[in-house]
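See structure below.
The values are calculated or read from the model by the stated rules, or taken from the named source; none is laboratory data. Note that this is a predicted model, so its numbers are computed, not measured. Cβ atoms come from the backbone with ideal geometry, glycine included; neighbour counts cover every protein chain shown.
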Amino acid sequence: MTIYVVDRVVTRPGCARKFVDTYLAEYAPGARARGMTLRDVLVSPPIWFDDQPNTVTITWSLPSAQAWWEMTWKGRPDPGLGSWWEGIGGLVEERTRSVAAAADDVDRLCDV
Amino acid sequence: MYSVTRLLDVADGERDRVLAAARVGAAATQARHQLVEPTLPGVRNGGEILVHLRFDTEHQWRSAETDFAEALSDPAITRVNGVCYSGDASSSSAQAGTVYRALLLRVLPDTDTRIVNRFEDDLRRMPRYVNTITAWQLSRVDEPVGTSEWTHVFEQEFTDVDGLMGPYLMHPIHWAVVDRWFDPECPDVIIRDRVCHSFCAMADSVLR
């Protein structure tokens, strides 16, 4: 059952393109190495504003809850990961990270 | 109830001797519930021996504290993490548990009280969804000991080790709700210090 990790980032005005480029260049390779597959990078509205925030929604997938734990166990001892998010703070107004699954999978995921 | 938990790191080859001495020391405290057991494979930062004592009152512990500390002064004990705290447990199943688990954690200083309350609410929500938890208690720490200024201890009794390593880990309440407070990648993170995750076999319930 596929697990989705969703980063929703509201960028500072004019920073969306730089944020996406930086995320893909610096963050994505390590995330892939931890077992995540990049599904989507969506920009809303689809305009590179120079004076307004954009909302960037990045979706990763993992094949199971076990894979989610293996991903986070690989990342958690690495202090560089948390500091990467802190370092990119200048491009970010606010962000969330959530974990989700398809509605059809919810009952089975909870039946453990 | 007033509770005392100690996680003992022990020098190689000394565990059984220290375990026997710790059991004698625990018995001398006359705590209502005493659990002194070797930890099981899979603990993280959880020591080789788990000691858990439950007293009717804090006064009873304070009367026994000095002698118990003496019992744990063996040089083969290389590190002690622990907590003292008040509180009562909740039962979440009629089934008896066979594994006792304690999670010691430190919430970052200056975390907003409302955030701490939300974090605690999330932890309290777990036993509703993880049916292998038979009893549990979430407590704020009065007195931390060891490598961190522990602020909370979350105790559970599980049906068995599989109930801890399987449903507890794999239910979405854990990885999609609670873990965000511990995840340095999540903006909600409020626990950055290494936690103590320790568990051991339990012949009789200590939380009920």
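Looking for whichever is of a type in the set (Lys, Arg) and more than 21 Å from residue B:152 (Cα to Cα) here; the options are B:62, B:54, B:44, B:32. Which one fits? Steps first, please.
Values: B:62 fails: more than 21 Å from residue B:152 (Cα to Cα); B:54 fails: more than 21 Å from residue B:152 (Cα to Cα); B:44 fails: more than 21 Å from residue B:152 (Cα to Cα).
Testing whether each residue is of a type in the set (Lys, Arg) and more than 21 Å from residue B:152 (Cα to Cα) leaves just B:32.
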(message) Condition first: free of Cβ contacts under 8 Å to residues at least 60 places away in the same chain and surrounded by fewer than 17 Cβ atoms within 10 Å (Cβ to Cβ). Now tell me which residues in the range B:91-113 satisfy that.
(response) B:94, B:109, B:110, B:112, B:113
(message) For the range B:52-60, check the following and say yes or no: at least one residue is among the aliphatic types (A, V, I, L, M), over 14 Å from the mean Cα position of the chain (by Cα) and modelled with pLDDT of 95 or more.
(response) no
(request) Look through B:178, B:116 and report the one residue that is crowded, with 16+ Cβ neighbours inside 10 Å and away from chain A (no Cβ under 12 Å). (result) B:116
(request) Report whether or not residue B:29 is of a type in the set (Ser, Thr, Tyr) and in contact with a Cys (Cβ under 6 Å, 6 or more places away or on another chain). (result) no
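What residue, of A:30, A:14, A:35, is under 29 Å from residue B:172 (Cα atoms) and surrounded by fewer than 16 Cβ atoms within 10 Å (Cβ to Cβ)?
On the way: A:14 fails: under 29 Å from residue B:172 (Cα atoms); A:35 fails: surrounded by fewer than 16 Cβ atoms within 10 Å (Cβ to Cβ).
Unique residue meeting the criteria: A:30.
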(request) For the range A:17-39, name all the residues that are more than 15 Å from residue B:185 (Cβ to Cβ) and either of a type in the set (Val, Ile, Thr) or touching a helix residue (DSSP H, G or I) at 6+ places or on another chain (Cβ under 8 Å) (or both). (result) A:18, A:19, A:20, A:22, A:37, A:38
(request) Return the total of residues in the range B:1-29 being under 16 Å from residue B:84 (Cβ atoms) and not β-branched (Val, Ile, Thr). (result) 8
(message) Which count do you get for residues in the range A:65-104 that are of a type in the set (Gly, Ala, Ser), in contact (Cβ under 8 Å) with a residue 12 or more places away in the chain and touching a helix residue (DSSP H, G or I) at 6+ places or on another chain (Cβ under 9 Å)?
(response) 5
(request) Sort out which residues of the range B:146-163 are aliphatic (A, V, I, L, M) and surrounded by 21 or more Cβ atoms within 10 Å (Cβ to Cβ), and write them in order of number. (result) B:153
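Residue under question is residue B:146, and the condition is that it be more than 8 Å from every other protein chain (Cβ to nearest Cβ), on the phi < 0 side of the Ramachandran plot and of a type in the set (Gly, Ala, Ser); does it hold?
Numbers: more than 8 Å from every other protein chain (Cβ to nearest Cβ): yes; on the phi < 0 side of the Ramachandran plot: no; of a type in the set (Gly, Ala, Ser): yes.
No; evaluated as a whole, the condition is false for this residue.
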(message) Can you list the helices (runs of 4 or more DSSP H) lying wholly within the range A:4-112 that have 3 or more residues being within 30 Å of residue B:127 (Cβ to Cβ) and at the interface with another protein chain (Cβ under 10 Å from one of its Cβ atoms)?
(response) A:65-75, A:106-110
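Can you say whether residue A:23 is aromatic (Phe, Trp, Tyr), crowded, with 16+ Cβ neighbours inside 10 Å, touching a residue at least 40 places away in the same chain (Cβ under 8 Å) and closer than 19 Å to residue B:170 by Cβ, as far as the supplied structure shows?
No, not satisfied.
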(message) Contact list please: Cβ distance under 6 Å, first residue in the range B:153-168 and over 18 Å from residue B:35 (Cβ atoms), second residue surrounded by fewer than 23 Cβ atoms within 10 Å (Cβ to Cβ), pairs at least six apart or on different chains.
(response) B:167/A:112
(request) Could you tell me whether residue B:20 is surrounded by fewer than 17 Cβ atoms within 10 Å (Cβ to Cβ) and not polar (S, T, N, Q)? (result) yes
